[in-house]
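Down below is the structure, laid out as structure tokens.
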Amino acid sequence: MMFRCITENRRSGLQAAGAVGGALAIMEVMPKQYKNMIVGPSLKVDMHTGAIAEGVLTFAITFAVLWILLKGPQNEIFKTWLLAIVTVAFVMSGAAYTGPSMNPANAFGWAYLDNWHNTWDQFYVYWICPFIGAILAAWVFRLFFPPRPAKKIPKFKNLEDLEPLPTSTGNGQIRYRTPSSAELLESGPNGGALSPTGNGTTDHLEKMMKRSMARHESISDKIHKYRGVLLVISIPILLITFVLYVMPGKSPSDVAVVEEVELNSRKVGSNSRGNRNYAVIFDAGSSGSRVHVYCFDHNLDLVPIGSDLELFEQIKPGLSFYAKDPQAAANSLLTLKDKAESVVPLDLRSKTPVRVGATAGLRALEGDASDRILQAVRELLKDRSTLKSEENGVKILDGSQEGSYEWVTINYLLGNLGKTYADTVGIVDLGGGSVQMAYAISESAAAKAPRVQDGEDSYVNEMYLKGSKYYLYVHSYLHYGLLAARAEILKVSEDSGNPCILEGYDGTYSYGGENFKASASLSGTSMEECRRVTLKALKINDTCTHMKCTFGGIWNGGGGDGQKNLFVASFFFDRAAEAGFIKATDPVAKVQPQNFADAAKRACETKYSNAKATYENVDENNLPYICMDLVYQYTLLVDGFGLDPFQDITLVKQVKYRNSLVEAAWPLGSAIEAVSS
């Protein structure tokens, strides 16, 4: 028993060493652009849930393998096929939990590559629980299918010991049974086997037995005998050979793209406890400030922070509200900073990157107001934060960055990265100060992108994500976020009444440090007139020097499959919920642009005095503009971006990622970049 335990321990160690060698060999021969696609088992849930999942899966696959091998079909090919089906089924079942492994040595090999083989997570989830599951499976199998008791073969010392047969011959004499070969080979009185004559001479008999058993087997007989083993070995070899053969080679441009943008590298930075990496991202928007805290594993998969996959907190107003007081603007982030730091482990805070991305609200400020606010925020993080401040980590995002991050975020959460561009979704993100559109286009469409003047954002960004190269059309329309667009629409009517303001309201609208007269038209609120004013504000009729334009003479990217499935975010979702044609509690909702037109018609017919009773969930400051906002959103989608009024679009606030909901916002894309670098 002791020898057997020692042998098993030695075998486990050799298997683990072999797994490390195999993983190293795979990564060595794999082309660079495909290495990020090769990942081993990793935790996708909390440690205890993962441990339970790995134990249960190991129990199930062990029990299934025992049944197939010992009680299953006799046909080797069918038996091998069943083993393959069972293995694939359990791997797919555990993919969302632990990878899975169901084999400690296999898990150890990949963990060694990522330097988390010596962590408690690895030992607990991938060693202890699989061993327990396998042992329990063996016990349960033995309980349900006990082994047959071994038959005892009698030993004979003399011919007198042979039992007579129960039947007699015709003359009444008793016959004696001739001993079998096994009985003849049993030991005699002096340790030798008994010959048929009983004289203890066995050499001649043994030679004859060996000659009879050692018949010659041809090559075809051996192949037929061991066909199951050959099948198990040959299928993986053929599959690997096929995959390596069909993989395209790298072009010089691919190498450049890999070096330029590789957001999804297998390796991440040194900020890890075991295999955990945190990132803190501030979204300093025009309507408010928000903080997102994310935690990633070594494969850049999100893992829970407490019961959620992210920490999300927000406050109002935004930094641009403090245009004349930079220190007050910086101090407004203190409560968010403290909350973010509280969920990052103390020993990881100095390694956790913190970024502040200011968007259109600060971009619209005049003079050096935005620079002074950002400097005050930098000093605040340096003096009063334990997080790792990056060089250029506090900045105003240009529209291209914001749109790209948003596109990465939604397609990452939907699991689309790594697929063809036609399988991704496009995004329209309506913020307070700007609106961004981003979607993947074909390489031929990217080649036709218009040249831009110096200082302007390029229309197309090249990105390399999860083994796939994307040409991303992205453009940010400054001054056309929902709050900024109000100012643009009010400018059209100047100091006279505006047909988009609810009848009965007379006031002033403030945005970007400027005040605009906001009073209802003398003829009352009119959706048709509001549409006319909005079209003028959008500059729909501006000269288009390209084949296709959106508004303001901007190239539209050419359209195509990457735009056919649009996810529309931020203020689109909020106003739809306040107007009552989607539920605010739903993370996503399928609608059509026409729904905004129908809601706008109803809103424009509402008088200001009755608005609060009709729109209970609309903030008091937004009530006068409910007609304007809905008309603008419809006009932006249909006339600005050229959508069909009855085209299906998806309003999105949160995206389901595994079993949790994650905010569909650009900071996740920025966080992925931060931990990757």
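The values are calculated or read from the model by the stated rules, or taken from the named source; none is laboratory data. No experiment lies behind these values; they were computed from the predicted model shown. Cβ coordinates were reconstructed from backbone atoms using ideal geometry, including for glycine residues, and neighbour counts include every protein chain displayed.
Read through the list (1) within 21 Å of GLU406 (Cα to Cα); (2) touching a Ser or Thr at 6+ places or on another chain (Cβ under 6 Å); (3) charged (D, E, K, R), then give the number of the only condition that GLU503 fails.
(1)
Quick check on this structure: which one of SER609, SER660 is within 30 Å of GLU390 (Cα to Cα) and not assigned by TED's automatic domain parsing to the domain that holds TRP407?
Testing whether each residue is within 30 Å of GLU390 (Cα to Cα) and not assigned by TED's automatic domain parsing to the domain that holds TRP407 leaves just SER660.
Is there a residue being over 28 Å from SER519 (Cα atoms), surrounded by fewer than 23 Cβ atoms within 10 Å (Cβ to Cβ) and either in contact with a His (Cβ under 6 Å, 6 or more places away or on another chain) or assigned by TED's automatic domain parsing to the domain that holds GLY399 (or both) anywhere in region 555-564?
Yes, some residue in region 555-564 is over 28 Å from SER519 (Cα atoms), surrounded by fewer than 23 Cβ atoms within 10 Å (Cβ to Cβ) and either in contact with a His (Cβ under 6 Å, 6 or more places away or on another chain) or assigned by TED's automatic domain parsing to the domain that holds GLY399 (or both).
Checking VAL474 against (1) surrounded by fewer than 18 Cβ atoms within 10 Å (Cβ to Cβ); (2) under 24 Å from ILE672 (Cβ atoms), which test does it fail?
Of everything listed in (1) surrounded by fewer than 18 Cβ atoms within 10 Å (Cβ to Cβ); (2) under 24 Å from ILE672 (Cβ atoms), VAL474 misses just condition (1).
Mind listing just one residue for me: the one in region 342-356 that is touching a residue at least 12 places away in the same chain (Cβ under 8 Å) and within 16 Å of PHE282 (Cβ to Cβ) and, of those, surrounded by the fewest Cβ atoms within 10 Å (Cβ to Cβ)?
Result: VAL343.
Identify, by number, the condition in (1) touching a residue at least 40 places away in the same chain (Cβ under 8 Å); (2) over 18 Å from MET437 (Cβ atoms); (3) crowded, with 22+ Cβ neighbours inside 10 Å that LEU490 doesn't meet.
Answer for LEU490: the failing condition is (1).
Could you figure out which of (1) of a type in the set (Phe, Trp, Tyr); (2) under 19 Å from LEU566 (Cβ atoms); (3) touching a strand residue (DSSP E or B) at 6+ places or on another chain (Cβ under 8 Å) isn't true of PHE646?
Tallying (1) of a type in the set (Phe, Trp, Tyr); (2) under 19 Å from LEU566 (Cβ atoms); (3) touching a strand residue (DSSP E or B) at 6+ places or on another chain (Cβ under 8 Å), PHE646 fails exactly one: (3).
Quick check on region 460-469. Is at least one of its residues at pLDDT 90 or above, touching a helix residue (DSSP H, G or I) at 6+ places or on another chain (Cβ under 6 Å) and closer than 30 Å to LEU630 by Cβ?
No, every residue in region 460-469 fails to be at pLDDT 90 or above, touching a helix residue (DSSP H, G or I) at 6+ places or on another chain (Cβ under 6 Å) and closer than 30 Å to LEU630 by Cβ.
Of the residues GLU578, GLU620, only one is at pLDDT below 95 and not β-branched (Val, Ile, Thr); which?
GLU620 is the lone residue from the list that is at pLDDT below 95 and not β-branched (Val, Ile, Thr).
What number of residues within region 593-607 satisfy the criterion of being in a helix (DSSP H, G or I) and touching a helix residue (DSSP H, G or I) at 6+ places or on another chain (Cβ under 6 Å)?
8
Scan region 654-677 and give yes if some residue there is surrounded by fewer than 18 Cβ atoms within 10 Å (Cβ to Cβ), closer than 22 Å to GLY431 by Cβ and of a type in the set (Asp, Glu), otherwise no.
Within region 654-677, not a single residue is surrounded by fewer than 18 Cβ atoms within 10 Å (Cβ to Cβ), closer than 22 Å to GLY431 by Cβ and of a type in the set (Asp, Glu).
Do we have GLN375 as within 25 Å of the chain's Cα centre (by Cα), polar (S, T, N, Q), surrounded by fewer than 17 Cβ atoms within 10 Å (Cβ to Cβ) and closer than 23 Å to GLY432 by Cβ here?
Considered against the rule, which asks whether it is within 25 Å of the chain's Cα centre (by Cα), polar (S, T, N, Q), surrounded by fewer than 17 Cβ atoms within 10 Å (Cβ to Cβ) and closer than 23 Å to GLY432 by Cβ, GLN375 comes out as no.
Among the residues of region 378-414 satisfying the criterion of being at pLDDT below 90 and in a loop (DSSP other than H, G, I, E, B), which is surrounded by the most Cβ atoms within 10 Å (Cβ to Cβ)?
LEU397
Being under 46 Å from the mean Cα position of the chain (by Cα), of a type outside the set (Ser, Thr, Tyr) and surrounded by fewer than 18 Cβ atoms within 10 Å (Cβ to Cβ) is the filter here; which residues of region 497-534 pass it?
Passing the criteria: GLY513, GLU514, ASN515, GLU528, ARG532.
Among the residues in region 643-657, are any closer than 22 Å to VAL435 by Cα and of a type in the set (Lys, Arg)?
Checked against the condition, which is being closer than 22 Å to VAL435 by Cα and of a type in the set (Lys, Arg), region 643-657 yields at least one hit.
Only one of (1) on the phi < 0 side of the Ramachandran plot; (2) touching a strand residue (DSSP E or B) at 6+ places or on another chain (Cβ under 9 Å); (3) touching a residue at least 24 places away in the same chain (Cβ under 8 Å) fails for GLY557. Which number is that?
The failed condition is (1).
Can you go through LEU430, LEU365 and tell me which one is within 25 Å of the chain's Cα centre (by Cα) and more than 24 Å from LEU465 (Cβ to Cβ)?
One residue alone meets the criteria, LEU430.
Taking region 271-329 on its own, how many of its residues are surrounded by fewer than 20 Cβ atoms within 10 Å (Cβ to Cβ), aliphatic (A, V, I, L, M) and either part of a loop (DSSP other than H, G, I, E, B) or modelled with pLDDT under 90 (or both)?
1
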